[in-house]
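Colleague: The structure follows.
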Amino acid sequence: MLHKSIDGVHESDTVLRVLDHNAKITTRYGGGFVESIDGVAGGEPGGRVHDWFFYVNGVESSEGAADYSLHDGDTIWWDYRDWSAAMRVPAVVGSYPAPFRYGYQGGPHPVAVRCLGGGGACGAVSRRLGNAGAELAGTNGDRSQVRVLVGPWGRIRGDAAARQIAAGPATSGVFAGFHARAAGFELTALDPGGSAVRELGPGTGLVAAVREGDHAPTWVITAAAGILDRGDLRDRYAVAVRRGHTIPLPVQ
């Protein structure tokens, strides 16, 4: 995967213009849809539909690349993926801390940490976000707030945005599921096709981002506060955390 910091970008520049200056691309539909980047084109390899999608600060854009104007500090992620199991992955964790520091769609957003039985993890998350440049605010129901829910899944699952995870990746874009067990909920890892491939056992946490409609993203953190780190999250849709080690989701 290519990472590149680009200087000299102006606010009049669009995502497509910057991409065109830094890669070999082909487009469709009058130049508004990226067909290929450096020779990798959309299609159906292995019978599964693949295309290019782009994220700005961890949020899948609702605008085309030719229309999205850039702002200082924006992190752009072009992602080539199989979308047969999930047409949309509305938010990802892999651009941390950009969603909290720079916001999305043109400006920063206040960040609200909601503690749902997370204990000391809530304080750890708030400190990490503050150190990353987030503007922390109290939860007030404002749909423009980027929310961070910290606690066990049994408590978090009552939230409307987080509840999408239980409906599967076609709804949430998160390739993981929780299953009730005698001792609580346990996490199951899914593959890109949405099939369960690995039971991760008790105590496994999840760091994932979801988005309900056009609301700001909601991050879900269960038993994994210490993984709120750029090195652990970089280029990931979501991660499971087991015994201090990260497992990228979906499982390839």
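Colleague: I want the local charge near residue 252. Using Cβ-Cβ distances under 15 Å, sum +1 for each Lys or Arg and -1 for each Asp or Glu among the other residues.
Modeller: Residues near residue 252 contribute 0 overall.
Colleague: Where q = 0.11, 0.14 Å⁻¹, what log10 of I(q)/I(0) comes from the Debye formula for the chain, counting one point per Cα?
Modeller: For the chain, the Cα-only Debye profile gives -0.58, -0.93.
Colleague: Follow-up question, since we're still on this one. Find the relative contact order for region 1-112 and round it to a whole percent, using C-alpha pairs within less than 8 Å whose residues are 6+ positions apart.
Modeller: The value is 25 percent.
Colleague: Mind jotting down the distance between the C-alpha centroids of region 22-53 and region 194-246, whole Å?
Modeller: 28 Å
Colleague: What is the angle, in °, between the Cα long axis of helix 120-131 and the longest principal axis of the Cα atoms in the chain? Nearest 10 is fine, range 0 to 90.
Modeller: 30 degrees
Colleague: Related question: Count charges around residue 236 for me, please; just the other residues with Cβ under 14 Å from its Cβ, Lys/Arg as +1, Asp/Glu as -1.
Modeller: -1
Colleague: Can you give the net charge of the other residues whose Cβ lies under 14 Å from the Cβ of residue 217, counting K and R as +1 and D and E as -1?
Modeller: It works out to a net charge of +1.
Colleague: Compute, for the chain, the length of the dipole vector about the Cα centre, with Cβ point charges of +1 (Lys, Arg) and -1 (Asp, Glu) only. Units Debye, rounded to 20.
Modeller: About 1060 debye.
Colleague: Hey, another quick one. Please give the length that would be gained between residue 196 and residue 14 if that part of the chain were fully extended, namely 0.36 nm times their separation in residues minus their C-alpha to C-alpha distance (nm, one decimal).
Modeller: Separation in residues times 0.36 nm, less the Cα-Cα distance, equals 61.7 nm.
Colleague: Suppose we keep just the DSSP beta bridges with both residues in region 98-249; what percent of those would be antiparallel, to 5?
Modeller: Of the beta bridges lying entirely in region 98-249, close to 70 percent run antiparallel.
Colleague: P(r) of region 107-171 in 10 Å steps, Cα pairs, percent per bin?
Modeller: 21, 46, 30, 2
Colleague: Relative contact order, percent, of the chain when contacts are C-alpha pairs under 8 Å separated by at least 6 residues?
Modeller: 16 percent
Colleague: Of all the C-alpha pairs in region 15-82, what % are more than 18 Å from each other?
Modeller: 35 percent
Where a number appears in this text, it was derived from the coordinates with a stated rule and is not lab data. In this text, all values refer to a predicted model and were calculated from it rather than measured experimentally. FYI the Cβ positions are ideal-geometry reconstructions off the backbone, even for glycines, and counts take in every protein chain you see.
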